[in-house]
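Reviewing the structure listed below.
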Amino acid sequence: MQAVILVGGEGTRLRPLTSGIPKPIVTLVDRPFMAYMLQWLHGHGVDDVIMSCGFLATKVKEVLGDGSDYGISLRFVEEPEPRGTAGALKYAEEFLQDRFLMLNGDVLTDVDIGAQIAQHERSGATGTLGLVPVEDPSAYGLVLTEPDGEVTGFLEKPGPDQLDGVDDYLISAGIYVLERSVLDLIEPDRKVSIEREVWPELVGDGLYGYADRDAYWLDIGTPQRYLQGTVDILAGEVRTGVLDRLHDGLAVDGEVDPSATVLAPAIIEAGARIAAGATVGPGAVVASGARVQAGAVVERSVVLDGAVVGEDAVVRDAIVGPRVTIGSRTVAEQETVLGEGVQLGGDNLLSRGVKVFPGATVGDGAIRF
Ligand code: GDD
Ligand code: MG
């Protein structure tokens, strides 16, 4: 089976994590995000993947290589300029088979694609959209369907008034089974959105939805959801290869002082050091070369490569980028995101989604937000 994965977006909502790195290869728990998608696809018999790239394609290629680590043949197609979700597919036309999967490149999921393909075949659809339930559909593509799955409406990023009378919020999961004939609906050589221009045109003409209400599904495209994904992977809410590493929810490969506390689920990578009296977890990843100094707390958070969390500092619900330093007693919480190399002095308080961009320096006691 063949799959096209769209990874050409700039990942702006995940900045500063994506300031220098494209979203598909941002580290999630212990591997580049795309590894989860490739492992999931491989598990459903996908052996041929076309990555449709734009932004920082060279870095994506460097990290993922030819796909052999994942048992997949991986090829890259680079658009001359961002062509939008449908334009990107059109641009890859010469590589596509009669039937293929198309995926948004930022979904962490264990949706049963095999069942989706089986339904696609049974219904004779031109396109079958994977659907998942959400509480708030406003950031997604809302899909209205008949009981047999036929799509009767597609509303991308619906406003409040468009939700009147809708009581089942099924959204497009960014997982599509498509017949090659879909390409005929896309004009070449221009920017085209599959959500705004193609799906609405296909409504009533072979567009179906396959709802998977039990699967795990998350678009990792914001810091809040990136953290959610981290915690969910650690807790085993979604089936991933990370679970193979955990014993009673823990993988402790780094050095932990005997007086420190590690609470499951947590991963402390080789080369990380946890000092006396520190507490790490639950829901924490301390990457290789990172240090958590004496008395510090790291909870529901990620501390990436080479970062240092100072004495008695608190990192809670936060993302600490590679090589960040956090001074003593500083608190970083409530979805604070610290970009690569940020240097925070001591006695600061960062909360409520503050984002500090790569390389910035903040003095002692300079921020109470
Ligand atoms: N090659 C290429 N070129 N890829 C692109 C382009 C482009 O011009 N624009 C976006 N992409 C890729 C992104 O990298 C991402 O993997 C995917 O297409 C979807 O773009 P997002 O920017 O993440 O869209 P979204 O999350 O707001 O909405 C989409 O996903 C939702 C599910 O997460 C839509 O497909 C919604 O309908 C859907 O519900
Ligand atoms: Mg997205």
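The values are calculated or read from the model by the stated rules, or taken from the named source; none is laboratory data. No experiment lies behind these values; they were computed from the predicted model shown. All Cβ positions, even for glycine, are placed from backbone atoms using ideal geometry, and neighbour counts span all protein chains on display. When the accessible area is computed, the model is the full protein with side chains, heavy atoms only, and any ligands, DNA or RNA have been set aside. Shrake-Rupley method; radii C 1.70, N 1.55, O 1.52, S 1.80 Å.
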Query raised in the report: Percentage of Cα-Cα pair distances in the range 185-263 greater than 18 Å, rounded to whole percent?
Result: 67
Query - Karplus-derived 3J(HN,Hα), 6.51/-1.76/1.60, for each residue of the range 167-180, Hz, glycine and proline x - result: 10, 10, 8, 9, 10, 6, 7, x, 10, 10, 9, 10, 8, 4
Report task. Return the tail of the calculated pair distribution for the chain, meaning the percent of Cα-Cα pairs more than 37 Å apart. Result -> 24
Report summary line: Counting only protein heavy atoms and leaving out ligands, DNA and RNA, the solvent-accessible surface of R196 at a 1.4 Å probe, in Å² to the nearest 10, equals 140
Query raised in the report: Once phi is turned into θ = phi - 60°, what whole-Hz ³J(HN,Hα) does the Karplus curve with 6.51, -1.76 and 1.60 give for every residue of the range 185-198, x standing for Gly and Pro?
Result: 8, 10, 6, x, 6, 8, 6, 9, 9, 5, 6, 9, 10, 9
Report summary line: Non-local residues with an amide H under 5 Å from the amide H of V262, with H modelled 1.01 Å from N and Pro and chain starts lacking one, are V280
**Report entry** Per-residue HN-Hα couplings for the range 352-363 [Karplus 6.51, -1.76, 1.60; θ = phi - 60°; Hz; x = Gly/Pro]
**Finding:** 6, x, 4, 10, 10, 7, x, x, 5, 10, 10, x
Query raised in the report: By DSSP, what percent of the beta bridges with both residues in the chain are antiparallel, rounded to the nearest 5?
Result: 30
**Report entry** With every protein chain in place, the chain: carbon and sulfur % of accessible area (1.4 Å)
**Finding:** 45
Query raised in the report: What nm distance separates the two modelled labels at V166 and A360, each placed 7 Å from Cα along Cα→Cβ?
Result: 3.5
Requested in this report: Provide the gained length on full extension for the span D136 to T261, in nm with one decimal, where the gain is 0.36 nm per separating residue minus the Cα-Cα distance.
Outcome: 41.3 nm
Report summary line: Using alpha carbon positions and the Kirkwood radius, the Rg to Rh ratio of the range 229-362 is 0.96
Query raised in the report: Antiparallel DSSP bridges in the range 229-362: what percent, to the nearest 5?
Result: 5
Requested in this report: Calculate the dipole size of the chain relative to its Cα centre from +1 charges on Lys and Arg beta carbons and -1 charges on Asp and Glu beta carbons; express the result in debye to the nearest 20.
Outcome: 1280
Query raised in the report: At a probe size of 1.4 Å, how large is the accessible area of Y140, to the nearest 10 Å²?
Result: 30
**Report entry** Reduced Cα scattering model of the range 2-214, Debye log10 I(q)/I(0), q = 0.11, 0.15, 0.16, 0.18 Å⁻¹
**Finding:** -0.50, -0.97, -1.12, -1.42
